[in-house]
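*Asks:* Sharing a structure, written as structure tokens. Questions coming.
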There are 2 protein chains.
Amino acid sequence: VRGLWLEGGRLAVRDDLPEPEAGPGEAVVRVRLAGVCGTDLELVHGYYPFAGVPGHEFVGEVAAAPGAEDWVGRRVVGEINAACGSCPTCVRGDRTHCERRTVLGIKDRHGAFAERLALPLANLHPVPEGLPDEAAVFVEPLAAALRIQEQVRIGPGDRVLVLGPGRLGRLVARSLAPSGCTLEVAGRREAAALAPRSADVVVDCTGSPQGLALARRAVRPRGTVVLKSTYHGEAALNLSPVVVDELTLVGSRCGPFPAALAALAEGRVAVRDLIAGRYPLVEAPAAFAHAAGPGVLKILVEP
Amino acid sequence: VRGLWLEGGRLAVRDDLPEPEAGPGEAVVRVRLAGVCGTDLELVHGYYPFAGVPGHEFVGEVAAAPGAEDWVGRRVVGEINAACGSCPTCVRGDRTHCERRTVLGIKDRHGAFAERLALPLANLHPVPEGLPDEAAVFVEPLAAALRIQEQVRIGPGDRVLVLGPGRLGRLVARSLAPSGCTLEVAGRREAAALAPRSADVVVDCTGSPQGLALARRAVRPRGTVVLKSTYHGEAALNLSPVVVDELTLVGSRCGPFPAALAALAEGRVAVRDLIAGRYPLVEAPAAFAHAAGPGVLKILVEP
């Protein structure tokens, strides 16, 4: 199988990768289109000691599903956390936090920058016929954006600031717009010029300690800061202001696929104009280099 | 007026302090009993550059209330944040976070370790006749403890860990007990032996970076850590686990006086056995020294 191999911070396209195998209850999916995410770029820089095929945003077609052949041929997107189903966390219903989880293209499971991948059937969601691949490939990041509204009540009149006008920040802003909130999207430079202590909710999509500092500056007393992207390394955080201002900090990760599929299918969130480039799988390293450029939006890879 | 004077980290009892004056809408209160809090000890160590009379936990008697003479003679407790009433934060209703606030014994307002203090009438709450001074003096810290339940939903079946078995931790635990949650109170040593990633809510009353690290270890994915005391200096916090585990961190400060008065008056929270010592005002420095000892509970000062 052909795929992009990451090891020791190096990316290389290889043709000799082992064929993904469908474990019990799993399917093999032929990847049609995959997206490059900030986390992929972080993996290259050693954010998590992952060696293997990266990639966790994809749309594909079921190629094999032993014992569940009716799935074969269906166009699907897939949730990235493969859960054990039996640990205390799974039993409580928090399957995306399973203690023994593997995560597509991130932890102990080869990912989507390859011709084929394997995922549990329980993770797959059929894609409605009218939804093109170029929109369906955004289901995973849009679901992550929609997760915010599962965690924080946001409605008309709320002043929400999204920090980081990149691929994630724009998707977050678009996912929040239908709530009727008063929305502002700012990069670091614009954020420094905003009124301090005025936002009800700040969503930090910068993933940088400087971004967090700006978020703390912008949020009002008793406001909420959503940490929407993982941070590089330690961010020194003075906690006394968090107590004195009674701030709430909320870590936010994977979100609801059905809601994301519905939002895309019903046209409530547009994504096509977020695509900045498209590369064949053999040029995946170039796709990563492109995605790492400043202000570059979504880069897609096509096996 | 006699009072305890703090300046440059030194405490001294002085007899020559200016008489507190009741500004417009304010009252002068004769202090009957005051309590030493961890924040007072922090002030001595320079947590905030305060020079003046410390002390913010008290019960007293209204000595003067220009234009509102019916208050004179009433036994009262008092909220510590004196708000302007007109800044955006006040207008929004978050008066304890007023941008221009003074805070009794903490910021720009002399406090309770003195014969008399001044506070706005709006801050005062009459004490029910049956409630002795020795219980009423706990209204302020108990209100702060009850604030947690305004911020985080805690009910039967929730596993709550209170870190720090000191004067604040015990009060927090007693305030949480009526909720029906499964409650554990632990010091640093016991906390290290607890099952990791198992508590739904951890309330950190240690005010130390080590306490926070233990809280992070003890809380389950998607759980909540309440930061109940101010931290000494910078606490380095690695935020990636907060995102990956989708933790919620909640800063928590001052709370509802009416609820605290009711809990004490109805006997739902016992406090008398938390009193570890009682000193006359002239011996207030010795009271502070006693309160700073390891494991010492509430020390009271009587003008």
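*Asks:* How many residues does segment B:159-173 contain that are surrounded by fewer than 23 Cβ atoms within 10 Å (Cβ to Cβ) and of a type in the set (Lys, Arg)?
*Replies:* Number satisfying all stated conditions: 2.
*Asks:* Taking the options A:Leu212, A:Leu176, A:Leu119, name whichever one is open to solvent by less than 10 Å² (accessible area, probe 1.4 Å), within 30 Å of A:Gly73 (Cα to Cα) and either of a type outside the set (Asp, Glu) or free of Cβ contacts under 8 Å to residues at least 24 places away in the same chain (or both).
*Replies:* A:Leu119
*Asks:* Would you say A:Leu131 is closer than 14 Å to A:Ala260 by Cα, open to solvent by less than 50 Å² (accessible area, probe 1.4 Å) and either in contact with a His (Cβ under 8 Å, 6 or more places away or on another chain) or part of a loop (DSSP other than H, G, I, E, B) (or both)?
*Replies:* Yes.
*Asks:* Select from segment A:269-282 the residues that are touching a residue at least 40 places away in the same chain (Cβ under 8 Å) and in a helix (DSSP H, G or I) and write down the one among them that is farthest from A:Leu11 (Cα to Cα).
*Replies:* A:Arg272
*Asks:* Can you tell which of B:Ala27, B:Ala63, B:Ala12, B:Ala34 is in a strand (DSSP E or B), within 26 Å of B:Ser229 (Cβ to Cβ) and not polar (S, T, N, Q)?
*Replies:* B:Ala34
*Asks:* What single numbered condition from (1) without any contact (Cβ under 8 Å) to a residue 40 or more places away in the chain; (2) assigned to a helix (DSSP H, G or I); (3) away from every other protein chain (no Cβ under 14 Å); (4) open to solvent by 10 Å² or more (accessible area, probe 1.4 Å) fails to hold for B:Glu184?
*Replies:* B:Glu184 satisfies all of (1) without any contact (Cβ under 8 Å) to a residue 40 or more places away in the chain; (2) assigned to a helix (DSSP H, G or I); (3) away from every other protein chain (no Cβ under 14 Å); (4) open to solvent by 10 Å² or more (accessible area, probe 1.4 Å) except (2).
*Asks:* Something else now. Quick one: in segment B:96-108, of everything that is out of contact with any Asp or Glu (no Cβ under 9 Å at 6 or more places or on another chain) and more than 19 Å from B:Val137 (Cβ to Cβ), which residue is farthest from the other protein chains (Cβ to nearest Cβ)?
*Replies:* Only one residue tops the list, namely B:Asp108.
*Asks:* Yes or no: B:Gly207 small (Gly, Ala, Ser) and either assigned to a helix (DSSP H, G or I) or open to solvent by 50 Å² or more (accessible area, probe 1.4 Å) (or both)?
*Replies:* So B:Gly207 fails the test.
*Asks:* Among the numbered criteria (1) buried (at least 24 other Cβ atoms within 10 Å of the Cβ); (2) over 23 Å from A:Leu261 (Cβ atoms); (3) within 14 Å of chain B (Cβ to nearest Cβ), which single criterion is violated by A:Pro54?
*Replies:* Among (1) buried (at least 24 other Cβ atoms within 10 Å of the Cβ); (2) over 23 Å from A:Leu261 (Cβ atoms); (3) within 14 Å of chain B (Cβ to nearest Cβ), the lone unmet condition for A:Pro54 is (3).
*Asks:* To continue, here is another question. Hey, any hits in segment B:250-257 for a residue that's of a type in the set (Val, Ile, Thr), more than 30 Å from A:Cys87 (Cα to Cα) and either touching a residue at least 24 places away in the same chain (Cβ under 8 Å) or in contact with a Lys or Arg (Cβ under 7 Å, 6 or more places away or on another chain) (or both)?
*Replies:* Scanning segment B:250-257, I find no residue that is of a type in the set (Val, Ile, Thr), more than 30 Å from A:Cys87 (Cα to Cα) and either touching a residue at least 24 places away in the same chain (Cβ under 8 Å) or in contact with a Lys or Arg (Cβ under 7 Å, 6 or more places away or on another chain) (or both), so the answer is no.
*Asks:* Within segment B:138-158, track down each residue that is over 9 Å from the mean Cα position of the chain (by Cα), away from chain A (no Cβ under 11 Å), among the charged types (D, E, K, R) and surrounded by 19 or more Cβ atoms within 10 Å (Cβ to Cβ).
*Replies:* B:Asp158, the sole residue that qualifies.
*Asks:* How many residues are within 8 Å of another protein chain (Cβ to nearest Cβ), open to solvent by 10 Å² or more (accessible area, probe 1.4 Å) and under 18 Å from the mean Cα position of the chain (by Cα) if we restrict to segment A:229-276?
*Replies:* Number satisfying all stated conditions: 3.
The values are calculated or read from the model by the stated rules, or taken from the named source; none is laboratory data. Being a predicted model, the structure only gives us computed values, none of them experimental. Glycine gets a Cβ as well: all are built from the backbone with ideal geometry, and neighbour counts include every protein chain shown. These area figures cover heavy atoms from the full protein model, side chains too; ligands, DNA and RNA do not enter into them. Shrake-Rupley method; radii C 1.70, N 1.55, O 1.52, S 1.80 Å.
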